[in-house]
Structures are given as structure tokens and as C-alpha cells.
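Input: a single structure, listed below in C-alpha cells.
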Amino acid sequence: MRLRLSGVAPHGAVLTRRKEFQVNEVNNTTPAANGFDTLGLAAPILKAVAAEGYTTPTPIQLQSIPHVIAGRDLLGIAQTGTGKTAAFALPILHRLMADQQRAGKGHCRVLVLSPTRELSGQIADSFRAYGRELPIRGAIVYGGVSFGPQARQLQSGVDVVVATPGRLLDHLGQGTLRLDRTEIFVLDEADQMLDLGFMRDIRKIIALLPAKRQNLFFSATMPREIGALADELLKDPVRVAVTPVATTATRVDQKIVFCEAARKRPVLVDLLRNVATERTLIFARTKRGADRIAEHLERAGIAANAIHGNKSQSQRERALGAFRAGTCRILVATDIAARGIDVDGVGHVINFDLPNVPESYVHRIGRTARAGAAGTAISLCAPEERGMLRDIEKLIRRQIPRLEPAAEPARKAA
Ligand code: AMP
């Protein structure tokens, strides 16, 4: 049963198109817990939240914001789409404005670490949007763009730095930024950091932070190493868990198409012509694979862009911009590049290749059904991928319905 949110509800959270919040079950019906104005946030922040069109806090926001304002450490088990960015950005902005301090030259008051450039950009955008009424200065630090302008910005002193680990370490090594006066440390998407091999970098960065600080730790899943890091890092944390991975998967209409690997491209073209007519995100396992799919679609007369780690920052931004604006409705991405892509209205996700990590399947299909919209995920499964499919179905605890490919038109398209 679906009910409108009227209290704290840790599971089954969905953001709807109307920017309200719905949950599958309600386990606490305190009426006062319903609006942002009950969370203790300062007026300029509430004004910015209202300007964003948010009327109701999401469960992670309800459960986190008062504690973060109070200075507690936080362990948030949540993935993108739950409103977790605002769950940390809003109370952080509140704390920054409360004491009116400014960051010293070459220092930052808040450090947010995120695994990818895209996600860092989105987090920085959120701080900008929620902090629009405040004199807060922020900087974004990631690789693939020139070092100098970032260094100059950091040296002037910024309140909030949002960074990916590699480029941040470069700045720390060059002395353009110091962390010894940082008051709040946010580690976002910790499990992705682990997958991307950032654990050593993260430990180096943590070692440079002062002992007395507030820590906010977010991860969609809790593999052993991440659990251990959280234990080391967090002091008496508040724990908040929303939308467990398997629950997310139940909201998306999923289908499997069995076909030989060699038939995947024509089947894809057929799906894009006949089934997936809305904005569609296609996942490929490799960068080269993503390029080849986009090229094949172009040849078939279907406009498509690819994004992955080998594309320049401006190419990635252009592709994302066209996708967001709807001028190019098809984006082919690798898992890493797609991480954190925050585009509402992705109608379809197509898994051209199945991911070999079953959790990635859930992350991928979570790109659709964002903001509560009904989404469809279609996965092409070659005979050699059946083992991966079994692992995925075990994780989501259900069998994905099979869809028969429309064989004839697809064959012609080949
Ligand atoms: P996140 O989980 O931080 O990636 O947020 C997912 C999306 O939800 C973003 O597009 C936010 O702008 C949006 N969002 C965050 N909080 C709310 C809210 N309380 N009401 C409506 N939309 C929200």
C-alpha cells in the first residue's frame, strides 16, 4: 500500500514528479514531523528549499537533519535518489551560517569527498542552490581540468570544498589546500570509492583532517571494508538506512530479452524504435563498447551520445547537457560515468550488457523511476551472461519477466 508521508519512514522511499514524497509504509505518525520548517533549519535555508519546490522532507532528510545540526556524526545507508545530498548539505549550511566564521586562506571548513566528477558537480550544484541566500563560498575540485584556477580559488579560502580524491591529494601535496582546520567531513558513496580503488587515497586524506571534527558517511551498501572504515571514522553516529537495494528494484518495470551477443545491436535498434521511445540511458560494460553502441545507433539514424572516463570533461558535459535538455534522448554510459547522473525523466534504462556485479544492476535501473516516475528497465542477456542474470535475480529476490524480441524488424535493421 502507498501512503503519503506523515512521519518517519525508513524504507521504500520514492520521490515523485510533484516533488512530494511518498512511502510504502509509515511507522511513525507524528504530524509535526512533516515540513522542512520543523527540522530546525534557519530561515534563509528554508527559503532556498522552498525555491527548489521541495515541500516535504524525504525520510533520510527527516531522520538526519536535526542530528547533523546538533553536531552528531552520521552513518547514512542510502543511494542517490533518496534526497541524501540535501540531508547533509542543508544542515551543513545551517552550521556554517550559525557561527558566521569565514574559512582562512588555503583552508576549508567543510570537505565533501565524492567518487566521480559528475557527482561532485551535482553536490556542488546542490550546495549552490540551497545556499543561494547565504554568503557561503564553495569550490569544486576534480581532475581533467586545469589545476591553476582551482588552486587560486582554494588559496583564497573557501567554506565548502567538494572533491574527488585524486585531484584533492594533488592540491594537498602542493599546499594549495590544508585540511587541519576542517570542521565537517563528508564521505559520499563510500562503496563506490572502494570499487574505484580510492581507499588508500581516502585514508591519506583522513589522516590530514583534525581529530576534532564532525563526520558524515554515506554508502548505498556496506561491504566489510566500508563497515570497518565507518567504525574507525565515526564517533557514536546516528544511523539512518533508507531504500534498501532490493526494494528499489521492485519499483521499476523490468524485462529481460534473451538474444545472442551478435544480435544485441539490431535488437537494441528495434527496442529504441518501438519500445523505448522516451529518454533512454543505455549501459555498456566497457568504454569501447559504449562508443561502438553510440556509433551503431548513429548509423541506424538514431541520435546518441556516449559518456565514459575517456571522454574529456567538456564532451561529458555536452553529452549530459543534451540528454538533460532532451535534444539527444539517448545516452550510452559505462557504470562509472553514469554514477550519480541526476536527470529526472529517464523513461528507460537498457542494459546492453549485464553488469558482472549484481548491485550495479540495481544502481543502473535506479536511474529510471527517479523522482517517483514510473520507469522501465530492459536487459539484453546473451547465453554467456545467464550466470550474471542468476546472481541479479538472487539479489533482488525475484525473477525478471522475459520479453520476446520482435525478431523480424530487428533482423532487417541489422
Ligand atoms: P539525491 O538523492 O541527493 O541524489 O537527490 C535526488 C533528487 O531529489 C534530486 O534531484 C533532488 O533535487 C531531489 N530532492 C531532494 N530532496 C527533495 C525533497 N525533499 N523533495 C523533493 N525533491 C527532493
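The values are calculated or read from the model by the stated rules, or taken from the named source; none is laboratory data. Because the structure is predicted, anything quoted here is derived from the model rather than measured. Cβ atoms come from the backbone with ideal geometry, glycine included; neighbour counts cover every protein chain shown. To get the accessible areas, we keep the full protein, side chains included, count just its heavy atoms, and leave off ligands, DNA and RNA. Shrake-Rupley method; radii C 1.70, N 1.55, O 1.52, S 1.80 Å.
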- Return the residue satisfying two criteria in turn: it lies in region 254-278 and is among the charged types (D, E, K, R) and within 23 Å of Met388 (Cα to Cα), and of such residues it is nearest to the chain's Cα centre (by Cα). Lys255
- Please work out if Gly289 is surrounded by fewer than 21 Cβ atoms within 10 Å (Cβ to Cβ), in contact with a Ser or Thr (Cβ under 9 Å, 6 or more places away or on another chain), in contact (Cβ under 8 Å) with a residue 60 or more places away in the chain and more than 18 Å from Thr376 (Cα to Cα). yes
- Could you check how many residues of region 120-150 are part of a loop (DSSP other than H, G, I, E, B) and either buried (at least 17 other Cβ atoms within 10 Å of the Cβ) or more than 16 Å from the ligand (Cβ to nearest atom) (or both)? 11
- Query: Got a sec? Which of Ala42, Ala50, Ala103, Ala86 is open to solvent by less than 60 Å² (accessible area, probe 1.4 Å) and within 13 Å of the ligand (Cβ to nearest atom)?
  - Reply: Ala86
- So is Arg178 closer than 25 Å to Asp99 by Cα, charged (D, E, K, R) and over 18 Å from the mean Cα position of the chain (by Cα) or not? yes
- In region 385-402, which residues are out of contact with any Asp or Glu (no Cβ under 6 Å at 6 or more places or on another chain) and open to solvent by 50 Å² or more (accessible area, probe 1.4 Å)? Arg386, Arg390, Asp391, Lys394, Arg397, Arg398, Pro401, Arg402
- Quick check: is even one residue across region 158-174 open to solvent by less than 10 Å² (accessible area, probe 1.4 Å), in contact (Cβ under 8 Å) with a residue 60 or more places away in the chain and in the same structural domain as Ile45 (by TED's automatic domain parsing)? yes
- Query: If only one of Ala87, Ala103 is modelled with pLDDT of 95 or more and either part of a loop (DSSP other than H, G, I, E, B) or under 23 Å from Val346 (Cβ atoms) (or both), which one is it?
  - Reply: Ala87
- Query: If the Cβ limit is 6 Å and pairs must be 6+ apart or interchain, which residue in region 61-80 that is within 16 Å of Gly227 (Cβ to Cβ) and outside the structural domain of Pro115 (by TED's automatic domain parsing) pairs with which residue that is of a type outside the set (A, V, I, L, M) and in a helix (DSSP H, G or I)?
  - Reply: none
- Looking at region 60-75, which of its residues are more than 10 Å from the ligand (Cβ to nearest atom) and open to solvent by less than 40 Å² (accessible area, probe 1.4 Å)? Gln63, Ser64, Ile65, Val68, Ile69, Gly71, Asp73, Leu74, Leu75
- Task: Quickly run through region 248-279 and pick out the residues that are touching a helix residue (DSSP H, G or I) at 6+ places or on another chain (Cβ under 9 Å), surrounded by fewer than 18 Cβ atoms within 10 Å (Cβ to Cβ) and assigned to a helix (DSSP H, G or I).
- Result: Thr250, Ala261, Arg273, Asn274
- Message: Out of the residues in region 359-384 meeting the condition of being in a helix (DSSP H, G or I) and open to solvent by 10 Å² or more (accessible area, probe 1.4 Å), tell me which one is modelled with the lowest pLDDT.
- Response: Ala371
- Could you grab the pairs with beta carbons closer than 9 Å, sequence gap of 6+ or different chains, first residue in region 255-283 and over 17 Å from Tyr361 (Cβ atoms) and hydroxyl-bearing (Ser, Thr, Tyr), second one open to solvent by 10 Å² or more (accessible area, probe 1.4 Å) and at pLDDT 95 or above? none
